[in-house]
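To start, the structure itself, in structure tokens.
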Amino acid sequence: MYIRATGNISPQNTFGHPPLLTEPVDHSGNRLACIEPDYKTLIDVKLIRRMSRIIRMGVAAATECLQEAGITMPDAIVTGTAYGCLDDTGSFLTRMVEFKESLLTPTAFIQSTHNTIGAQVGLMLQCNNYNNVFVHRGFSFESALLDAMMLLKEDDAKNVLVGAIDEITNISHTILNRMGLYKQDSTSSLNLFQSHSKGTLAGEGASFFVLTNEHDAADYAKLDGLHTFYKPVDADEIKNQINGFLQKHAVTIEDIDLVITGQNGDATADKIYKELGSTIFNSRRTVGYKNLCGEYPTSSAFALWMAANIIKSGNTPAILGNINEQSKPRRILIYNHYQHIHHSLFLVSAC
């Protein structure tokens, strides 16, 4: 499978395909909000007024991705989201309480469903092809990506628009913060990995990709494999899963030029990354990415976007750490887990 094009809206300046993370944006506090573009250049103004923030983000990222690929009508649209349109959900529930469950307008409810973003993209394109959404918590993006890969593998599509979208709202941030998911001290996002206290930083983003099974000179990278596993018993099982994944694709750990991990600054969550860094990943260059986008269930889409751009540009951004700039990664392994439950592996290589 080849990654033909990308579109990304994140807490960094990633929209519009600027040079890869050359000017990283530092966020203070425990919440990283997306840097949003001028939507009027991409979406009809009349439509924008009816769209919530996450729908705008998703539609804009998908539109940019399709424009780069030169595709006006994708054979399939597949999206993944863990939370869906949280702002609309919050608005609907709030009004339900305020109006005592009567005289409610249906707009917020209609737009709160998880398939709204993919449906809106399909409506704008007047695309009647396959359109599906996956809501599998920390596996939402991985499930969407697997579906896209299967469509291509079975020749049901020649190109697929696949993406992941999740947002953080005032209501959801308050609830998750109360549950102890986020740091309570003032933390610089770019220095996240130097923090070893409890909690991480809230993040959000919209990342889209055009996948195809036909190689083109404009391709970013090749997606060699994807693997997920659920609630591993211990570190040894995780190591076995990683080794098995590499063996399946006839690759050894020595063949990996760069490892991207999902460390998020939480003392407990990062234990496994430190364990792997001192064992199976000991001889490999290892970097994190959640100091750039924050933690959210579909953040692995940002990691895949970053890996594809590193391979295409041949440069590893300085913000990722002390890495030999002369070295051009040809094969990248991504390992991420969400709340110790959902674990995923991606293998990406140069075309």
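The values are calculated or read from the model by the stated rules, or taken from the named source; none is laboratory data. Only a predicted model underlies this, so the values are computations on that prediction, with no experimental measurement involved. When we count neighbours, we look across all protein chains shown, and the Cβ atoms used for this are built from the backbone with ideal geometry, even at glycine. Calculation scope for accessible area: heavy atoms of the full protein, side chains included, ligands and nucleic acids excluded. Shrake-Rupley method; radii C 1.70, N 1.55, O 1.52, S 1.80 Å.
See the values below:
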| read-out | value |
| --- | --- |
| Fraction of accessible area attributable to carbon and sulfur, region 103-147 (%, probe 1.4 Å) | 58 percent |
| Region 195-308: relative contact order as a whole-number percent, Cα under 8 Å and 6+ apart | 41 percent |
| Theoretical FRET efficiency, 1/(1+(r/R0)^6), r = Cβ-Cβ of residue 36 and residue 216, R0 30 Å, to 0.05 | 0.50 |
| Cross-link partners of residue 46 among aspartates and glutamates (Cα-Cα below 13 Å; sequence separation of 8 or more within a chain) | none |
| Rg(Cα) / (2.2 N^0.38 Å) computed for the chain, rounded to two decimals | 0.96 |
| Heavy atoms of residue 53: accessible area, 1.4 Å probe, square angstrom to 10 | 60 Å² |
| Most mobile of 46, 239, 271 in a GNM of the chain (Cα contacts under 10 Å) | 46 |
| Size of charge dipole - region 202-326 - debye, nearest 20, with Cβ of Lys, Arg +1 and Asp, Glu -1, no other charges | 140 debye |
| Cβ-Cβ FRET estimate between residue 13 and residue 45, R0 fixed at 25 Å, reported to 0.05 | 0.55 |
| Listed residues 293, 341, 29: farthest to the positive end of the dipole of the chain (Cβ charges) | 29 |
| Value of Rg to Rh for region 80-142 (Rh from inverse mean 1/r over Cα pairs, i.e. Kirkwood) | 1.07 |
| Net charge over other residues, Cβ less than 9 angstrom from the Cβ of residue 167 (K, R count +1; D, E count -1) | -2 |
| FRET efficiency, residue 198 to residue 73 (Cβ-Cβ, R0 35 Å, nearest 0.05) | 0.15 |
| Cα gyration tensor of region 258-331 - equivalent ellipsoid semi-axes, whole Å, descending | 20, 16, 10 |
| Equivalent ellipsoid semi-axes - Cα gyration tensor, region 142-246, angstrom | 33, 21, 14 |
| Those GluC sites (Glu not before Pro) in region 138-207 that DSSP places in a loop and that have at most 11 other beta carbons within 10 Å | 154 |
| Sequence-separation-based contact order of the chain, relative, with Cα cut under 8 Å and 6+ spacing, percent | 24 percent |
| Shape call, region 29-133: gyration tensor on alpha carbons, a/c limit 1.5 | prolate |
| Separation of the residue 158 and residue 255 label points, Cα + 7 Å toward Cβ, nm | 3.0 nm |
| Relative contact order (%) - region 84-180, alpha-carbon pairs under 8 angstrom, separation at least six | 29 percent |
| Cα centre as origin, Lys/Arg/Asp/Glu Cβ charges: region 1-134 dipole, Debye | 320 debye |
| Accessible area in the full protein assembly, largest first, 1.4 Å probe, for 253, 9 | 253, 9 |
| For residue 68, solvent-accessible area (1.4 Å; no DNA, RNA or ligand), Å² | 70 Å² |
| Paramagnetic label zone (point 7 Å from Cα along Cα-to-C-beta, residue 230; backbone N under 18 Å) in region 276-317 | 297-298 |
| Too-long pairs where the Cα-Cα distance tops 22 Å, listed order kept, from 40/158; 153/222; 198/239; 248/274; 239/312 | 40/158; 198/239; 248/274; 239/312 |
| Ellipticity estimate at 222 nm from DSSP helix runs (n ≥ 4, -39,500 (n - 2.57)) divided over the chain, nearest 500 | -9500 deg cm²/dmol |
| Cα pair distances of region 210-257 binned at 10 Å [whole percent] | 20, 39, 30, 10, 1 |
| Carbon and sulfur %, accessible surface of region 165-270 computed with the full protein complex present, 1.4 Å | 48 percent |
| Pair residue 96, residue 23: separation of 7 Å Cα→Cβ label points (nm) | 4.4 nm |
| Global geometry of region 63-203, whether rounded, prolate or oblate, following the gyration tensor of its Cα atoms and the 1.5 cut on a/c | oblate |
| Three-way shape call for region 109-176 based on the alpha-carbon gyration tensor, with the a/c threshold at 1.5 | oblate |
| Electrostatic dipole magnitude of the chain [Cβ: Lys, Arg +1; Asp, Glu -1; Cα centre; debye, to 20] | 420 debye |
